[in-house]
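Contents: one structure, followed by commentary.
Derivation of every value follows stated rules applied to the coordinates shown; laboratory data play no part. Bear in mind that the values here come from a model prediction, so they are computed numbers and not experimental data. Positions of Cβ are backbone-derived with ideal geometry, glycine not excepted, and every protein chain shown enters the neighbour counts.
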Amino acid sequence: MVKRYLNQNYEKLRKAARAGGRLFEDPEFPATSSSLYLDGHENSRIEWKRPGEICSEPAIVVEGVEGNDLNQGEVGNCWFVAACACLALHKKLWNHVVPNVSDQEWDADHPEKYAGIFRFRFWRFGEETEVVIDDRLPTVNGQLIYVHSKQKNEFWSPLLEKAYAKLAGSYEALDAGNTADAFVDFSGGVSEFINLETGGYADDEEQRNLLFTNVEKAMSHQAMVSCSIRAEEGKREAQMECGLIRGHAYGITAVRKVVIEHGFFKDKKLKMIRIRNPWGGKEWNGPWSDGSNEWKSVPESEKKKIGLDFEDDGEFWMNFTDFVQVYTHMAVCRLINTSIFSFQKTWHEMKFYGQWGRSSAGGCINNKDTFLRNPQYSFDVREEDEGMAMLTVQQKDRRALKSQGGHSGDNLSIGFHVMKAEENRRYRMHSIHETAATVTYTNARSVFGRFSLRKGRYVVLPSTFDAGQEADFMMRIFTESDSRSRPLVKHAPSPVPCYRACCSRYPRVVVVVDIKGCDGIEKANTFGSGSDSYVIAQCEGKEVETSVQKDTLDPVFNAQMMFYVKRPDRAELVLQVWNKNVTLDSFLGQATVRLEVDAGTKQYTKNLMGRRSKKDEATKGSILFTVKTTTDLRSV
């Protein structure tokens, strides 16, 4: 389902323009200074012209879409232009952002069909959104002042920029931004930020090779990648001696193992990366720069294979070792495959919309008194041993608020914190649990984390860094198996009805069980030296199962579960230890504890006993666990 931005229907608007014999003029993004500048000030130099007034034979695309087709204009949106250059490398994705090109293209044989209206599609805050624009573009002396193509009569890039500026509120609102945001808006993917300085890639060859392999693999699966060099204080977009620009966004257009001649009868492959400056100039001037002596060692056939040219077009090659020493940051936007009809690795996605409001903007975990007020979402990792989980939080784009001045349009500093939960938790957390994963809070539009987590249930709390900051957000959770994710809204079970409470001497009790492990259990495996054991915890008709610990006589579980007990005066906790078999599992022993009301936390080491008629007979081994009981249902 495609959402129409500002409820503008492309087909109806085009039909109306054709019927009226006039070219479309967009009332929602007029050809005035209000669409150019945040304060709407006048600029007498600028004239809005349609493509047919700028050149003869205008076209959306001329001789194919290329990553080095376009150059940045006057607005400081190198981040957006770099993203466009990467988008141009992915034909399928480009065709989705610029839909039905042939239908929108100028037709010289049927000029009456042209209505001066175009549409583009972006992925905005979890929804595919279609943006309609007219074709009036800002010019000075008949020249486009913003992004433009090398081919004077090619207009896909300035029209795409106009549609994106409309989403932002004005062209000036695009000044300064993050390439990763545009990547996500083009693709609906997830962007991962890589700090090349703190990652140790310059000094650790193994880490560097792994990074190269990961980026190479990602790009082969249609990932879009950008890079930048950290700006020094007060030196934004300052040129370095090596020719590169600090605080400037570059697009990565290729990663290759390039064959070089290496002595007699033997060639060597060098890890190389191709980068593009959206300014269309100011290239790297170090080793492997355009025309440098290093290229003499590369066979002509290899140069042709990688499409090498030495034009002063802003595109250049670097040795990957030099790259990680000079550049400080990368952003990799991956398209996550969630299709069930695929031979590639697929992921299960859960998406939630939430809000940090008056009572739920708790801030990060440093805010001890308010942190747990944040929205909470549970998810399961169901793979034995460990599974991979990818999580991303995106705040609603605030760029359109820039016209209000101050910090209105600035991103909030956001992040998330993941805690290990009880295996069967269904209600909100009211106490800090073991940290399973976290990310660095940053004032980016989205944050991303990829984690290897052991089997079990987890609770993630997305938040702003500071408490009390209100905003809308979107939480996406990707897991290898169905994570059964859901928002945790209720604080505890519903209260016991009054007529039942009056008949009971005891209030409802919450019981938290932490099964540490077993010692010296019976060997049950025919092959191997131990047992494949797990524990079933039973209480008042409910039961929860731990994961399996393989081939050991001293299994460590570290598994927690919780029970809400209605009749604690009668309830028992039973912990049964079983061995996992191919067909029928075998019983290894059990321990039983009579529950107490508000007993706090008690630790037990219990010998394992038989069951049913043999419940008084000891089996091999013991089990170590703790039990916490309390009538305060909102304390855990």
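Between residue 53 and residue 11, take the C-beta separation as r, use R0 = 22 Å, and let me know the FRET efficiency to the nearest 0.05. About 0.30, to the nearest 0.05. Across segment 457-472, computed HN-Hα scalar couplings (Karplus, 6.51 cos²θ - 1.76 cosθ + 1.60, θ = phi - 60°) run 9, 9, 10, 10, 10, x, 7, 7, 5, 9, 6, x, 8, 9, 5, 8 Hz from first to last residue, x flagging Gly and Pro.
Just in segment 405-435: which trypsin sites (Lys or Arg not before Pro) are loop by DSSP and have at most 16 other Cβ atoms within 10 Å? List each step's numbers first, then the result.
Numbers: sites: 420, 425, 426, 428; in loops: 425, 426, 428.
Hits after loop and neighbour filter: 426.
Specify whether the C-alpha gyration tensor of segment 548-597 places it in the rounded, prolate or oblate class, a ≥ b ≥ c being the square roots of the eigenvalues: rounded for a/c under 1.5, otherwise prolate if a/b is larger than b/c and oblate if not. Taking the square roots of the gyration eigenvalues as a ≥ b ≥ c, segment 548-597 is prolate. Bridgeable lysines around residue 628 (alpha carbons under 25 Å apart, same-chain partners fewer than 8 residues away excluded): 368, 420, 455, 490, 516, 542, 566, 602, 606, 615. Within the chain, the longest segment free of exposed loop sites, counting chymotrypsin sites (Phe, Trp or Tyr not before Pro) that fall outside DSSP classes H, G, I, E and B and have at most 11 other Cβ atoms within 10 Å, spans 1-263.
Projected label points at residue 435 and residue 214, each 7 Å from Cα along the beta carbon direction, are separated by 2.0 nanometres. Across the chain, the volume of the C-alpha convex hull divided among the residues equals 225 Å³ per residue. Over the residues of the chain, the helix contribution to mean residue ellipticity at 222 nm works out to -4000 deg cm²/dmol, using -39500 (n - 2.57) for each DSSP H run of at least 4.
GluC sites (Glu not before Pro) within segment 260-337: which are DSSP loop residues with at most 15 other Cβ atoms inside 10 Å? Please list the in-between numbers first.
Values: sites: 261, 283, 294, 300, 302, 311, 315; in loops: 283, 311.
In loop regions of segment 260-337 (DSSP not H, G, I, E or B), the sparsely surrounded GluC sites (Glu not before Pro) are 311.
Taking θ as phi - 60° and the Karplus parameters 6.51, -1.76 and 1.60, the scalar couplings of segment 43-49 work out to 9, 5, 6, 8, 10, 8, 10 Hz in sequence order, x denoting glycine and proline. Length gained on full extension, residue 351 to residue 594, computed as 0.36 nm times the residue gap minus the Cα-Cα distance: 83.3 nm. Tabulate in residue order the Karplus-calculated ³J(HN,Hα) for segment 559-565, using 6.51 cos²θ - 1.76 cosθ + 1.60 with θ = phi - 60°, rounded to whole Hz; enter x for Gly and Pro. Each residue's phi maps through the Karplus curve to give 10, 10, 8, 9, 10, 9, 9 Hz. Taken over the alpha carbons of segment 505-630 as equal point scatterers, the Debye sum produces base-10 log I(q)/I(0) values at 0.20 Å⁻¹ of -1.09. Compute the long axis of helix 205-220 from its Cα atoms, compare it with the longest principal axis of the Cα atoms of the chain, and write down the angle in degrees, 0 to 90, nearest 10. That works out to roughly 70 degrees.
What is the calculated FRET efficiency for residue 606 to residue 558, with r their C-beta to C-beta distance and R₀ = 22 Å, to the nearest 0.05? Can you show the working numbers first?
Details: r = 17 Å, r/R0 = 0.78.
Here the calculated transfer efficiency is 0.80.
For the residue pairs 113/166; 92/402; 345/523; 150/396; 12/162, alpha carbon separations beyond 28 Å are given by 92/402; 345/523; 150/396. Among beta bridges from DSSP that stay inside the chain, the antiparallel ones total about 95%.
Principal axis extents of the Cα atoms in segment 348-488, from largest to smallest and rounded to whole angstrom, are 52, 30, 21. Annotation: extensible slack from residue 257 through residue 44 equals 71.5 nm (criterion: 0.36 nm per residue apart, minus Cα-Cα distance). Shape of segment 2-186 from the C-alpha gyration tensor: rounded (a/c under 1.5, with a ≥ b ≥ c the square roots of its eigenvalues).
Per 0.36 nm of contour for each residue apart, how much would the distance between residue 300 and residue 242 grow if the chain were fully extended, relative to their Cα-Cα spacing? Walk me through the numbers before you get to the answer.
Working: separation 58, 0.36 × 58 = 20.88 nm, distance 2.66 nm.
Full-extension gain reported as 18.2 nm.
Using Cβ counts within 10 Å as a stand-in for footprinting exposure, how do 535, 132 rank, fewest first? Present the calculation step by step, with values, prior to reporting the outcome.
On the way: 535 27, 132 24.
Neighbour counts put them in this order, fewest first: 132, 535.
Be a star and scan segment 98-122 for residues whose amide nitrogen sits under 19 Å from the point 7 Å along the Cα-to-Cβ vector of residue 18. From segment 98-122, the list is 99-120.
Averaging the sequence gap over all C-alpha pairs within less than 8 Å and six or more residues apart, then dividing by the number of residues, gives the chain a relative contact order of 11 percent. Taking the longest Cα principal axis of the chain as reference, the axis of helix 78-87 is set at about 80 degrees. Legend: calculated FRET efficiency, residue 545 to residue 615, from the Cβ-Cβ distance at R0 = 22 Å, rounded to 0.05, equals 0.60. Assuming a ≥ b ≥ c are the square roots of the Cα gyration tensor eigenvalues, decide whether segment 215-291 counts as rounded (a/c under 1.5), prolate (otherwise, with a/b larger than b/c) or oblate. Taking the square roots of the gyration eigenvalues as a ≥ b ≥ c, segment 215-291 is oblate. Each label was represented as a point 7 Å from its Cα along the Cα-to-Cβ direction; for residue 105 and residue 143 these points are 2.9 nm apart.
As I understand it, the value is the acute angle between the Cα axis of helix 10-20 and the longest principal axis of the Cα atoms of the chain; what does it come to in degrees, rounded to 10? Rounded to the nearest ten degrees, it is 30.
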